[in-house]
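Asker: Below are the structure tokens for one structure; questions will follow.
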Amino acid sequence: MPSIITGHTDNAGEVMGVHGGEGAMLWARLATGAHLYGDWDGIEWVAFEPGGRAGLHTHSHTEEIWFILRGTAEIELDGERYFVEPGSIVITPLHSQHALWNTGTERIEYVVIEVFPPEITSKLPSRRPTEEPQNAITAEGAFR
């Protein structure tokens, strides 16, 4: 299977009031679990302008790893508040409650990697990468 570019932040959608939050969340799914053999669900890029927030919510089928790229925020994780900045890693285990508030003066941007825990993986069919054509589309939109 050839390596390909599957997504870009220029394709971000705008989601209003995500999980009961405030403002618009910019969201782009960059890749899905169908691109590799591992038991993961997807890689996403997320951004909130100052004052924006994702409301408190729980994931029942994935765990998340967030890597903060730009900006500052407060994270609530299972009732505790934490300050995050570029370079911070946030891990949200299965069934944890979490929320994010952009408390800074600039946009916060972060990458989310969603993975399946063993209790979910054991119920999934075996995985293999999607069969991509030999002439995959590059980031510029041209065939190689």
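Here, each number is a calculation from the coordinates, and none is a lab measurement. Fair warning: this is a prediction, and the values are worked out from it, not measured in the lab. Here the Cβ positions follow ideal geometry from the backbone for every residue, glycine too, while neighbour counts run over all protein chains shown.
Asker: What's the extension gain from residue 22 to residue 111 if we count 0.36 nm per residue and subtract their Cα-Cα distance?
Answerer: Here the segment from residue 22 to residue 111 would lengthen by 30.1 nm.
Asker: Using C-alpha positions alone, give me the convex hull volume of the range 14-121 per residue in cubic angstrom.
Answerer: Hull volume normalised by residue count: 91 Å³.
Asker: Expressed as a whole number of Å, what is the distance separating the alpha-carbon centroids of the range 78-99 and the range 1-73?
Answerer: 14 Å
Asker: Would you please name the chymotrypsin sites (Phe, Trp or Tyr not before Pro) within the range 10-56 that are DSSP coil residues with at most 12 other C-beta atoms within 10 Å of their C-beta?
Answerer: 37
Asker: Taking only the alpha-carbon positions of the range 20-68 and ignoring solvent, what does the Debye formula give for the base-10 log of I(q)/I(0) at q = 0.16 Å⁻¹?
Answerer: -0.57
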